[in-house]
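Undergrad: Before I ask anything, let me first share the structure, which is written out below as structure tokens.
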Amino acid sequence: MAEECMYCQAEDERRLRLMTKITKLKVSALYFYREQSYPGRCVLVYRDHVRKLTDLTPEAYTAFFTDVAKAAQALTDLYHPDKINYLVLGDLCPHLHIHLVPKYQGGTDWGEIFQMMPEPQRYLDEAEEKEEIRKICKKLEEINGF
Ligand SMILES: [Zn+2]
């Protein structure tokens, strides 16, 4: 837990502007990224304030990537992306998290690296976002074997 960290504070305004919590997974929490130029874009955040992948024990690493795989499976089942970009950056927020960015042939930045905040930006309205989050939660519950 770090006082300055947007993932460690329950009501951090920076985080609330950027994303909405979907649910907890085994060792992480999944957030719906509000800017949706890449439909289904999410961020998966490790439960503890850990800076780097190499700070995890082998067991924690395995559990974290099991959560990554489960989230990716849910996004694949719901959004049918042609691929997913997985990014671990941590330059601005030093709390271990992974951007899950679905990419679509013919869609935003297909064949290129995704942009953190593409232009023009695309936001869902509140009801649409709620519905996407409900669908992702339901799909995560349906996925077994993780
Ligand atoms: Zn943190």
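Undergrad: Give the average over all directions of the projected area of the C-alpha convex hull of the chain, one decimal, in nm².
TA: Averaged projected hull area, Cα only: 8.9 nm².
Undergrad: Using the heavy atoms of the protein chains and a 1.4 angstrom probe, tell me the accessible area per residue for the stretch 102-146 in square angstrom.
TA: I get 73 Å² per residue for the stretch 102-146.
Undergrad: To the nearest 0.05, how large is the calculated FRET efficiency for Phe146 and Asp12 if R₀ is 30 Å and r is the Cβ-Cβ distance?
TA: 0.60
Undergrad: Normalising by the residue count of the chain, find the relative contact order in percent from Cα pairs under 8 Å and 6+ residues apart.
TA: That works out to 26 percent.
Undergrad: Pull out the extension gain between Val50 and Leu89, defined as 0.36 nm times the separation in residues minus the alpha carbon to alpha carbon distance; nm, one decimal.
TA: 12.7 nm
Undergrad: Can you check what the net charge comes to around Gln73, using other residues whose Cβ is under 13 Å from the Cβ of Gln73 (Lys, Arg +1; Asp, Glu -1)?
TA: Net local charge, Gln73 excluded: -2.
Undergrad: Also: What does the charge add up to near Pro94, with Lys and Arg as +1, Asp and Glu as -1, over the other residues with Cβ less than 11 Å from its Cβ?
TA: The answer is -1.
Undergrad: So if I take the centroid of the Cα atoms in the stretch 94-119 and the same for the stretch 24-64, what is the distance between those two points in Å?
TA: 16 Å
Undergrad: Around Glu126, under 12 Å between beta carbons, what's the net of Lys plus Arg minus Asp minus Glu among the other residues?
TA: In short, -3.
Undergrad: Over 26 Å between Cα atoms, which of Lys26/Lys138; Lys52/Lys139; Lys83/Lys139; Lys70/Lys135 qualify?
TA: Lys52/Lys139
Undergrad: Within the chain, what whole-number % of the accessible surface is contributed by carbon and sulfur, with the 1.4 Å probe and all protein chains included in the calculation?
TA: Carbon and sulfur: 50 percent of the exposed surface of the chain.
Undergrad: Which residue fluctuates the most in the chain, going by a Gaussian network model with Cα springs under 10 Å, if the choices are Tyr123, Tyr79, Tyr104?
TA: Its mean-square fluctuation being the largest, the pick is Tyr123.
The values are calculated or read from the model by the stated rules, or taken from the named source; none is laboratory data. Predicted model, so just to flag it, every value in this text is computed and none were measured. FYI the Cβ positions are ideal-geometry reconstructions off the backbone, even for glycines, and counts take in every protein chain you see. In case anyone asks, the SASA skips ligands and DNA or RNA and just uses the protein heavy atoms, side chains included. Shrake-Rupley method; radii C 1.70, N 1.55, O 1.52, S 1.80 Å.
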